[in-house]
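Structure, as structure tokens:
The values are calculated or read from the model by the stated rules, or taken from the named source; none is laboratory data. If you're wondering where the values come from, they're calculated on a predicted model, not measured in any experiment. Here the Cβ positions follow ideal geometry from the backbone for every residue, glycine too, while neighbour counts run over all protein chains shown. Note: areas computed on protein heavy atoms with side chains; ligands, DNA, RNA excluded. Shrake-Rupley method; radii C 1.70, N 1.55, O 1.52, S 1.80 Å.
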Amino acid sequence: MLALSLIWLALGALLGAAATWGRLTPPRWESRRWLALPVLGAGAALLGGWLSALLLDHLFATLVAIWLCVASLGAARLLAGRSAKVGA
Amino acid sequence: MASERTVVATPQVAGGKRRQGRWRRAGVIALRGALALVLVVSALLSLTPQGRSAVRAALLLPALVTATEPAPLLLAGDPIRHTQSTIPSQDGPVYLDIYAPTSPTPAVPGAREGLLLIPGVGDNRGVAQLVNLAQSLARSGVVAMAMTTDTLMSYELAPPTVDAVVAATLALQRYPGVGRDHVGIIGFSAGGSLGALAAADPRIRDTLAFVLSFGGYYDATSMLRDLGHRALDVDGKLVPWQPDPVPVQTMAITLGQVLSESDRTILASGFNIVNGVELSPADQARLSPAGQAAYHLVTGDEPAQVNANLAALPPEAQTLLASLSPRSVIAQLRAPIYLLHDRSDIYVPFTESRDFAAALTREGHPHKFVEFTIFQHVEVKSGLGIGPLLRDGWSLYQVLLAALAPAA
């Protein structure tokens, strides 16, 4: 599980970096642009992987880690964008 | 006085910057699209039963064609344990090798699939490909149970062995975490035929998920006829066929059940690894007429007398061969049947699976039949080209998809 956890962290960070390149960073996080989404992605991937290992088979944990990570990155952009509009 | 430099935005510079901006925007859109695709594909593959079957089948396919466990399974699969146990049956003790995941049963779908592996005659418990397959299945979340009996290990086919298969199936259905109607049978060689016979038993007939027969026979009498002719009837033409010594010996030992003790002893004295059975003229003369008929059938040295030799066997032989043939129970089968056979099989004629498939079609029974070119009986040939591997690999993948559906 340790090796898998490290893989999930790395995948999540990579997807977070891709999201950053894709300009998905919420405006409020622009000051920490290159850290925010990779950290969020890594955390979401790790959480998704562990949840899946508990609820589904181990075999699908990496796939769950991936889609939960991407969904979290998208959700962060949507929610932060919405609260920015509300605050404006 | 210092001079001032003024940058003039020429049309070329402005145009270049616009192009750069366009490329950057396109890159951003492509990246976002790629992330969306990754989200959709990974969600579909992990959350839908079809997706999970596809992932399992893709990861297990290498295990079916090599003797090593695929690296992704070793890394991402469940931890497993191997236990052995024995259960009683009409055929005596049934030896079980169980390979199961050690992690708790997943909440989705709530029960594991169980697969009973019947490796055929001989003691195959330590065969690398079988162990590798069982371990790979377990790592993918399936409980794999390999079975054998003393009868099978003695290269003999006997009706009580069918009860042993049923007993093993029931044991697997009761295994902790396995869904009762999530259990299928995968039989290799004669194991496939035994699996089909067991599938007709009322104790498991309505709960069995499927039977997969890889290189099995359909009618023991027609297989004996093929041995006697040393030729196969392929689309109305007789094609020469030289069998391996194993089916020759197995048929000789099996027929020995209905022959005299003397005949059995004489036949056994001629067993060898080159031809299966070979007796001197003096030993042949000591056989009874029934024993001689059996000898000529299994050795194929009287191809023109096959029908006469079949008629010379004792009536008990016809009953025995019928009771060992899936042909006799085809109307009682309920579970889907998957038939796999290689055209160059020298253990069991591929025409047996063709006949089985044709009979299932006539019965309107759900089944799938695939003919391969990459296997020698049930083991992958060496030195294959990429074309045959891809073609047969795709067919095998589709069968795996269907067989692993209960696990999803």
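So here's what we get for this one:
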quantity	calculated
Residue within region B:121-141 that is in a strand (DSSP E or B), under 16 Å from the mean Cα position of the chain (by Cα), modelled with pLDDT of 95 or more and more than 14 Å from chain A (Cβ to nearest Cβ) present	no
Any chance B:ASP206 is touching a residue at least 40 places away in the same chain (Cβ under 8 Å), among the charged types (D, E, K, R), under 26 Å from B:LEU333 (Cα atoms) and buried (at least 17 other Cβ atoms within 10 Å of the Cβ)	no
Any chance B:ILE386 is over 19 Å from B:PRO49 (Cβ atoms) and in contact (Cβ under 8 Å) with a residue 60 or more places away in the chain	no
Residues that are touching a Phe, Trp or Tyr at 6+ places or on another chain (Cβ under 6 Å) and within 24 Å of B:ARG180 (Cβ to Cβ), drawn from region B:120-134	B:ALA134
Scan of region A:4-39 for residues that are of a type in the set (Val, Ile, Thr) and part of a helix (DSSP H, G or I), ordered by number	A:ILE7, A:THR20, A:VAL39
Region B:80-104, subset open to solvent by 60 Å² or more (accessible area, probe 1.4 Å) and in a loop (DSSP other than H, G, I, E, B), residue modelled with the lowest pLDDT	B:PRO104
Candidate set from region B:367-408 (those that are in a helix (DSSP H, G or I) and charged (D, E, K, R)); member that is most open to solvent (accessible area, probe 1.4 Å)	B:ARG391
Subset of region A:40-77 (residues that are charged (D, E, K, R) and either away from chain B (no Cβ under 12 Å) or part of a loop (DSSP other than H, G, I, E, B) (or both))	A:ASP57
Test result for B:ASP163, modelled with pLDDT under 95 and among the acidic types (Asp, Glu)	no
Yes/no for B:PRO303 being under 27 Å from B:GLY195 (Cβ atoms) and in contact (Cβ under 8 Å) with a residue 60 or more places away in the chain	no
Count of residues meeting criterion [in a loop (DSSP other than H, G, I, E, B), surrounded by 15 or more Cβ atoms within 10 Å (Cβ to Cβ) and small (Gly, Ala, Ser)] in region B:53-79	1
Within region B:331-349, tally of residues that are of a type in the set (Phe, Trp, Tyr) and either in contact with a strand residue (DSSP E or B) (Cβ under 7 Å, 6 or more places away or on another chain) or farther than 22 Å from B:VAL234 by Cβ (or both)	1
Residue check for B:GLN332: surrounded by 14 or more Cβ atoms within 10 Å (Cβ to Cβ), out of contact with any helix residue (DSSP H, G or I) (no Cβ under 6 Å at 6 or more places or on another chain), of a type outside the set (Lys, Arg) and in contact (Cβ under 8 Å) with a residue 60 or more places away in the chain	no
Per-region count, region B:125-139, residues open to solvent by 40 Å² or more (accessible area, probe 1.4 Å) and in contact (Cβ under 8 Å) with a residue 40 or more places away in the chain	4
Test: B:PRO62 is under 20 Å from the mean Cα position of the chain (by Cα), more than 14 Å from chain A (Cβ to nearest Cβ) and free of Cβ contacts under 8 Å to residues at least 60 places away in the same chain	yes
Matching residues, region A:6-39, being within 12 Å of chain B (Cβ to nearest Cβ) and surrounded by fewer than 17 Cβ atoms within 10 Å (Cβ to Cβ)	A:LEU6, A:LEU14, A:ALA17, A:TRP21, A:ARG23
